[in-house]
1. Against the conditions (1) assigned to a loop (DSSP other than H, G, I, E, B); (2) in contact with a strand residue (DSSP E or B) (Cβ under 6 Å, 6 or more places away or on another chain), where does residue 68 fall short? Just the number, please.
2. Counting only residues that are surrounded by 20 or more Cβ atoms within 10 Å (Cβ to Cβ) and more than 15 Å from residue 128 (Cβ to Cβ), which one in region 61-101 is nearest to the chain's Cα centre (by Cα)?
3. For residue 97, state whether it is at pLDDT 85 or above, of a type in the set (Val, Ile, Thr) and farther than 28 Å from residue 27 by Cα.
4. Quick check: anything in region 128-137 in contact with a Leu (Cβ under 6 Å, 6 or more places away or on another chain) and either over 14 Å from residue 68 (Cα atoms) or of a type in the set (Lys, Arg) (or both)?
5. For region 102-112, name all the residues that are open to solvent by less than 40 Å² (accessible area, probe 1.4 Å) and assigned to a loop (DSSP other than H, G, I, E, B).
6. Mind counting the residues in region 117-151 that are open to solvent by 50 Å² or more (accessible area, probe 1.4 Å) and assigned to a strand (DSSP E or B)?
7. Please tell me if residue 81 is over 30 Å from residue 48 (Cα atoms) and either in contact (Cβ under 8 Å) with a residue 24 or more places away in the chain or aliphatic (A, V, I, L, M) (or both).
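The values are calculated or read from the model by the stated rules, or taken from the named source; none is laboratory data. This is a predicted model, so every value here is computed, not measured. In this analysis, Cβ positions are derived from the backbone assuming ideal geometry, glycine residues included, and neighbour counts consider all displayed protein chains. Surface accessibility is based on the protein's heavy atoms, side chains included, excluding ligands, DNA and RNA. Shrake-Rupley method; radii C 1.70, N 1.55, O 1.52, S 1.80 Å.
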Amino acid sequence: MKNNKFIAAAVAATLALTSCESRQEQYEQDLVEACGVNIMSDNSVTVSAKSICTGLDTSFTVGFGVAMCINIANLPEVDDVRYDDFEFYAELSGEKVQGFSNLENQITGFAADFIQGNVSAQLNGNDELAVYLLHENMYKAKFYVETPGKKRQVQLKEVY
């Protein structure tokens, strides 16, 4: 009878410990999954150009989104975005896209500086948390956070 009680107590203790472990693991997984990407998509730059000689209108508009990594500090490998070594980027057709590089051929000069300055202000100067993408590339991109020794894909959560 004593052996049965001992076995029952051991089984109960094992189940309780397993339950705590799985709750902790679930909590950690929930934190990791809270890290994601939101894209501010309603952005565009219009360049107006009309020839004085021919009257030909060569105006164009470049539509783009700003992908921002949200809750990056929830990742176990990133404690503080100010000091930790990490890289947030998008991958398009196997190529790494960081910062403003996807728009460099379409938007330059004052317009580029103005856009980057406004986004930087929204991100409190953490420019490394933003990737600028042409509208046609927003849903094609895969997003990653890379730290020394670890590359983690983060999911697109919201496009607004």
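1. It fails just one condition, (1).
2. Step by step, filter region 61-101, then rank; the result is 65.
3. yes
4. Scanning region 128-137, I find at least one residue that is in contact with a Leu (Cβ under 6 Å, 6 or more places away or on another chain) and either over 14 Å from residue 68 (Cα atoms) or of a type in the set (Lys, Arg) (or both), so the answer is yes.
5. Within region 102-112, the first condition is being open to solvent by less than 40 Å² (accessible area, probe 1.4 Å), and the residues that meet it are 102-103, 107, 111-112.
Within region 102-112, 102, 103, 107 meet the criteria.
6. First, the residues of region 117-151 that are open to solvent by 50 Å² or more (accessible area, probe 1.4 Å): 118, 121-122, 124, 127-128, 135-136, 139-140, 142, 146, 148-151.
If we keep only those that are assigned to a strand (DSSP E or B) as well, we get 142, 146, 150-151.
Adding up the residues that qualify gives 4.
7. Working: over 30 Å from residue 48 (Cα atoms): yes; either in contact (Cβ under 8 Å) with a residue 24 or more places away in the chain or aliphatic (A, V, I, L, M) (or both): yes.
Answer is yes for this residue.
Condition check ((1) modelled with pLDDT of 95 or more; (2) out of contact with any Asp or Glu (no Cβ under 9 Å at 6 or more places or on another chain)) across all residues:
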site	(1), (2)
83	no, yes
86	no, no
111	no, yes
125	no, yes
130	no, yes
143	yes, no
